[in-house]
Amino acid sequence: MHLFAEATTKFTLELFRQLRESKDNIFYSPTSIMTALAMLQLGAKGNTEQQIEKVLQFNETTKKTTEKTVDCHVSDEKNVHEQFQKLMIQLNKSNDAYDLNVSNSIYGAKDFQFLQKFLENIKEYYQANVESLDFVHAAEESQKKINSWVEKQTNGKIKDLFPAGSLSSSTILVLVNAVYFKGQWNHKFDEKNTTEEKFWLNENTSKPVQMMKQKNKFNFNFMEDMQAKIVELPYKGKELSMFVLLPVEIEGLKKLEEQLTAEKFLEWTSPEKMHMMDMYLSLPRFKLEEKYDLPRPLEHMGMLDAFNQQKADFSGMSSPQGLVVSNILHKSFVEVNEEGTEAAAATGVEVGVTSVQISEDVNCNHPFLFIIRHNRTKSILFFGKMSSP
């Protein structure tokens, strides 16, 4: 699964590079977006399929996999979808410690003939709910039905994924992935210790925030070359964690963003590099709700043909030509407080810790990055940039 983790981390950071100029705060679910794209790739052929695979970062990953398993007769393409199948099973395991639900749904236009193989594969690999809707005569009702499915899957946190008028009589296919997570911190913050403090947006400007505080043992790494700290805040059960990447300087985030790579992140957060230590931790309470239209960022990442009427090839879904992706929407929500985190989303260098240092002070009172990860698969469920709580 580690090659899959590498691909998902690369995708996460590649997409972040596309989105980071658009808004101060960023929050999205790479797992949600990648799952929707992988479902789309299942029905794509030729260049369209190769471009989606490239954007998903699986062309390199599957090459490595097939080089390592020469005796294996599994095709690259199947390999990718089997990896997603394994991921869905891992993520949707019932758990008493937290709520995590990843759901997929595909809505096809009534009377449109999808290839049986495509429908079978989408159900097999993505446990997708497949349904026909009448987009021609009842576009608005269809839109409400899809939105209400998303709302239900995300515990009411993602409403109106598809805004009024976004689906029409020309809609043929809607692929939807929804992710919902609610977890309690392994070490909760005591509300009595939360006080109003300054959060520095830059060196000259601050705003008041509710700053949560605690002293406890946390996994920690200091990256000397980046002048940044990483703290792991596990959720109850320790199967999921939030990683906070905090630059030392108030305005140090830009450097961190520019130099952050998938290889570096996986190395910095590896068990060999992180050490348990006593810590004074301050973290602001925050809530974010974001929405993204993804065609342009995905085109910049190399997925061009899927949106082009002349070039799109989705003959793996249906024999008639003319299928094209009209839009990919992504909406996300996160709330971080003393108890833990609630999040939802939907998509239509080593330093030895010296023994002299008794405790580390990590004060998240200026812009930082945060990542919510499923630890066993190292899949990034959510990725965020907090510039202004």
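There is no residue in the stretch 81-99 that is at pLDDT 90 or above, closer than 21 Å to residue 331 by Cα, outside any helix (DSSP H, G or I) and of a type in the set (S, T, N, Q). Can you tell me which residue in the stretch 186-207 is nearest to the chain's Cα centre (by Cα), limited to those that are of a type in the set (D, E, K, R) and surrounded by 13 or more Cβ atoms within 10 Å (Cβ to Cβ)? Checked the stretch 186-207; the qualifying residue nearest to the chain's Cα centre (by Cα) is 188. Inclusion of residue 209 among residues that are in contact with a Pro (Cβ under 8 Å, 6 or more places away or on another chain) and part of a strand (DSSP E or B) is warranted.
Yes or no, residue by residue, for (1) modelled with pLDDT of 90 or more; (2) crowded, with 19+ Cβ neighbours inside 10 Å; (3) under 30 Å from residue 38 (Cβ atoms); (4) not β-branched (Val, Ile, Thr):
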site: 318; (1), (2), (3), (4): no, no, yes, yes
site: 336; (1), (2), (3), (4): yes, yes, yes, no
site: 347; (1), (2), (3), (4): no, yes, yes, no
site: 352; (1), (2), (3), (4): no, no, no, yes
site: 377; (1), (2), (3), (4): no, yes, yes, no
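In the list 242, 212, which residue meets the criterion of being at pLDDT 95 or above, within 30 Å of residue 348 (Cα to Cα) and not assigned by TED's automatic domain parsing to the domain that holds residue 48?
When all the criteria are applied, what remains is 242.
If you check 298, 281, which single one turns out to be of a type outside the set (Asp, Glu), within 23 Å of residue 107 (Cα to Cα) and not in a loop (DSSP other than H, G, I, E, B)?
298
When the stretch 321-335 is filtered for residues that are of a type in the set (Val, Ile, Thr) and closer than 19 Å to residue 46 by Cα, the ones remaining, listed by number, are 324, 325. Just one of the listed residues (166, 170) is loosely packed, with under 13 Cβ neighbours inside 10 Å, on the phi < 0 side of the Ramachandran plot, modelled with pLDDT under 95 and part of a loop (DSSP other than H, G, I, E, B), namely 170.
The values are calculated or read from the model by the stated rules, or taken from the named source; none is laboratory data. Predicted model, so just to flag it, every value in this text is computed and none were measured. Don't worry about glycine lacking a Cβ; one is built from the backbone with ideal geometry, like all the others, and counts go over all protein chains shown.
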